[in-house]
1. Can you spot a residue in the stretch 173-183 that is surrounded by fewer than 19 Cβ atoms within 10 Å (Cβ to Cβ) and either without any contact (Cβ under 8 Å) to a residue 12 or more places away in the chain or over 19 Å from Thr111 (Cβ atoms) (or both)?
2. Scan Ile85, Ile52 and give me the residue that is part of a helix (DSSP H, G or I) and under 16 Å from His24 (Cα atoms).
3. Which of the residues spanning the stretch 11-22 are closer than 14 Å to Glu77 by Cβ and in contact (Cβ under 8 Å) with a residue 40 or more places away in the chain?
4. Of everything in the stretch 63-78, what is out of contact with any helix residue (DSSP H, G or I) (no Cβ under 7 Å at 6 or more places or on another chain) and either surrounded by 24 or more Cβ atoms within 10 Å (Cβ to Cβ) or more than 16 Å from Glu9 (Cβ to Cβ) (or both)? Give them in sequence order.
5. Against the conditions (1) surrounded by 14 or more Cβ atoms within 10 Å (Cβ to Cβ); (2) in contact (Cβ under 8 Å) with a residue 40 or more places away in the chain; (3) of a type in the set (Val, Ile, Thr), where does Thr7 fall short? Just the number, please.
6. Quick one: is Ala161 in contact (Cβ under 8 Å) with a residue 40 or more places away in the chain and part of a helix (DSSP H, G or I)?
7. Is one or more of the residues making up the stretch 140-155 among the β-branched types (Val, Ile, Thr) and assigned to a helix (DSSP H, G or I)?
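The values are calculated or read from the model by the stated rules, or taken from the named source; none is laboratory data. As the structure is a computational prediction, the values presented were derived from the model and not from experiment. Please note: Cβ atoms are built from the backbone with ideal geometry, for glycine as well, and neighbour counts cover all protein chains shown.
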Amino acid sequence: MENIIPTRETAMDLLKEYNKEESHIRHALSVEAVMVHFAELLGEDKEKWGIIGLIHDLDYEKYPDEHCTKTGEILEERGWPKDYIRAIMSHGWGICSDIEPIERMEKVLYTIDELTGLVAATALMRPSKSILDMGAKSVKKKWKQKSFAAGVDRSLIKKGADMLGMDVGKIIEETIMGMRKVAEEIGLAGQAADE
């Protein structure tokens, strides 16, 4: 049953209902900001893309073993639109979901989810602890060090970039630009002055 049109407020309330860890909230805000940034770049629905980014890991803190599946159930019970649910479930494709990203929005989410983690980890290693003075070059350097942020599956990012027909370097650049917009909220404003 599709009976609600999700708003950012609804999504944020739901996120906070299921997630208490600051790291999970920051990741959600990072992915939301990058999704909004890509929607702007591609002329898509910024609010919809943002909401999907914000809520994509809804179940991860409480139900890590049922990741994606549990989110699908929760959103279905609450009457969320099927395309929102499908997009969210597709970001776990090949890991915890058999729903392949088909729509552009789904492909972007699939690609940037892991990447935001690598970008954040790279920023925190900088003397400034900031994303505001960091370029794609720093992330590309860390990309090559497999031991750095070892939990980030680079092959997923590469696979997503291929699906989008975009260069990984360009995606890294745009991901940084998106995350800069929420640097303060995600703890990556550091000591750098806005440049």
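1. Scanning the stretch 173-183, I find no residue that is surrounded by fewer than 19 Cβ atoms within 10 Å (Cβ to Cβ) and either without any contact (Cβ under 8 Å) to a residue 12 or more places away in the chain or over 19 Å from Thr111 (Cβ atoms) (or both), so the answer is no.
2. Step by step, each of Ile85, Ile52 is checked, and only Ile52 is part of a helix (DSSP H, G or I) and under 16 Å from His24 (Cα atoms).
3. Listed by number, the residues that qualify are Leu14, Tyr18.
4. Within the stretch 63-78, Pro64, Asp65, Glu66, His67, Thr69, Lys70, Glu73, Ile74, Glu77 qualify.
5. All conditions pass for Thr7, except number (1).
6. yes
7. The answer is no, given that none of the residues of the stretch 140-155 is among the β-branched types (Val, Ile, Thr) and assigned to a helix (DSSP H, G or I).
Results for (1) surrounded by 21 or more Cβ atoms within 10 Å (Cβ to Cβ); (2) within 14 Å of the chain's Cα centre (by Cα); (3) modelled with pLDDT of 95 or more, shown as yes or no for each residue.
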site: Met12; (1), (2), (3): no, no, yes
site: Ile25; (1), (2), (3): no, yes, yes
site: Val36; (1), (2), (3): yes, yes, yes
site: Trp49; (1), (2), (3): yes, yes, yes
site: Glu61; (1), (2), (3): no, no, no
site: Met89; (1), (2), (3): yes, yes, no
site: Glu100; (1), (2), (3): no, no, no
site: Glu106; (1), (2), (3): yes, yes, yes
